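What follows is a short report on a single structure.
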Ligand code: UDX
């Protein structure tokens with residue numbers, strides 16, 4: 001079976017490499033010549049554990065090209081895996097999806113199935129089919145199927161090879177059979193449905209997880225007020241299988257390329273159809289406030305941050321990725337800079353991307369020790385394992401004033417109680433060992 005994939009982002013590239021792993025020949029198409037150049041050198045343009053190794057292992061079955069005409073002309077299945085970024089009004093920008101659809105229509109010379117993997121609003125697959133048929137240059141049979149992706153950055157390869165389900169939205173038995181041939185090698189369970197339901201499964205899943213995070217964050221905020229401990233509360237809740245223990249980690253809000261965009265897109269879709277999605281609207285609002293929660297807490301100690309030495313640990317939106325999209329650090333650092341703070345920052349993989357935004361304004365450090373040395377305050381924005389493992393006693397030894405604002409609850413409160421620090425986290429009591437001593 002010959003497969004082509006439009007778009008070599010997280011979804012496109014990971015899908016391509018995993019399909020090659022189960023024996024398919026896959027051609028990856030991207031307009032970005034630099035990216036294709038890197039891929040042809042056997043390197044991955046994105047930081048994703050295990051991806052490059054699997055890419056090199058399956059290099060005989062993988063082709064990378066910018067020549068879409070050749071790639072699409074004689075292929076059995078074409079995946080569309082291009083981005084659907086957020087527009088100013090919160091709706092999904094579909095220009096790349098339709099741009100690729102036109103290129104496919106102009107290029108294909110044999111019957112084929114077009115599979116939409118990009119996250120698209122309900123009804124988009126129907127429009128893709130219409131655009132395809134209007135622009136076809138040859139009399140061939142084409143069908144469109146929806147096949148959303150549920151991979152997480154940082155564990156994308158594992159998530160794809162061991163997915164909980166493969167969702168296939170089709171309008172004919174023929175399209176279902178072709179997609180089963182593509183995926184049978186994974187040996188995973190299928191959910192076969194119509195295209196609109198498949199499109200909705202993706203949004204409803206992502207938005208449910210975002211909702212779960214905003215819910216636990218609100219409970220965490222209330223825990224702080226009434227003196228309860230969110231870690232214990234979440235543990236007690238999560239042991240009920242009807243609730244489940246995943247996505248109950250309180251913190252400074254969800255970021256990344258999916259949750260912020262997909263909650264806004266579903267909210268937009270509801271509004272567009274004169275329906276108010278109250279739960280999702282609330283989840284969005286809670287998340288926006290949560291992201292600047294630490295700054296608000298820090299203002300209890302300092303009116304403003306002018307001239308202060310500020311240490312920042314963690315820049316990416318979560319551990320395991322160099323992606324900065326919607327990272328809480330990007331909401332907080334501008335506020336600190338505006339006040340005139342001197343910022344030193346550490347992140348194991350995110351610094352190169354951060355330098356593209358703040359080349360000179362921040363001093364980037366190679367170690368946590370160097371970052372916190374002489375600091376008046378330390379913010380933790382990402383729960384990297386290096387931070388979790390860090391010896392807490394070093395905060396008081398190295399910082400000028402050991403005030404730590406932890407947005408990811410990296411440390412056990414019992415251990416914190418033994419250190420000479422002021423420690424503020426999320427949904428837990430403040431530990432102030434400076435006052436007591
Ligand atoms: C998410 C979905 O998990 C995935 O299924 C979908 O295909 C794309 O979006 P991703 O954005 O890569 O994946 O990361 P994820 O691990 O889900 O985390 C998203 C955000 O939620 C991160 O900012 C993370 O810090 C936050 N989060 C997650 C919490 O704050 N608490 C949690 O309990 C879980």
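List of remarks:
- Evaluated over segment 293-436, the Cα radius of gyration and Dmax, each in Å: 13.9, 43
- Degrees between helix 259-272 axis and first principal axis of the chain (Cα, 0 to 90, nearest 10): 60 degrees
- For segment 2-193, the ratio of Cα radius of gyration to the globular rule of thumb 2.2 N^0.38 Å stands at 0.96.
- Between residue 299 and residue 370, the simple spin-label model (points 7 angstrom out along Cα→Cβ) gives 3.4 nm.
- Model label points for residue 172 and residue 31, set 7 angstrom from Cα along the Cα-to-Cβ axis, are 3.0 nm apart.
- Computed from Cα positions, the angle between helix 95-107 and the longest principal axis of the chain comes to roughly 20 degrees.
- Tilt relative to the chain, helix 10-21 - C-alpha long axis, 0 to 90 degrees, to 10: 60 degrees
- Length available on full extension from residue 155 to residue 188: 0.36 nm per residue minus the Cα-Cα distance, which gives 10.1 nm.
- Taking 0.36 nm per residue of separation and subtracting the current Cα-Cα distance, fully stretching the chain between residue 389 and residue 67 would add 111.2 nm.
- Square roots of 5 times each gyration tensor eigenvalue, C-alpha, segment 1-103, largest first, Å: 22, 17, 12
- Calculated diffusion of segment 167-258, Stokes-Einstein form, Kirkwood radius summed over Cα pairs, 20 °C and 1.002 mPa s, µm²/s: 134 µm²/s
- GNM flexibility winner over the chain from 237, 399, 200 (Cα, springs under 10 Å): 237
- Restricting the calculation to alpha carbons of segment 270-350 gives Rg and Dmax of 16.1, 50 angstrom.
- Projected onto its three principal axes, the C-alpha set of segment 171-214 covers 40, 23, 11 Å, listed from the longest axis down.
- Under 15 Å from a label point set 7 Å out along the Cα-to-Cβ vector of residue 74, the amide N atoms of segment 101-141 belong to 108-112.
- Highest-fluctuation residue, 321, 367, 84 considered, GNM on the chain with Cα pairs under 10 Å: 367
- The fraction of all Cα pairs in the chain landing in successive 20 Å bins from 0 to the largest distance is 24, 50, 23, 2, 0, given as whole percents.
- Extension gain (nm, one decimal) between residue 358 and residue 282, 0.36 nm per residue minus Cα-Cα: 24.2 nm
Read-outs: derived from the displayed coordinates by stated rules, not from any lab. This structure is a prediction, so every number in the text was calculated from the model and none was measured. Every residue, glycine among them, receives a Cβ derived from its backbone with ideal geometry; neighbour counts consider all protein chains shown.
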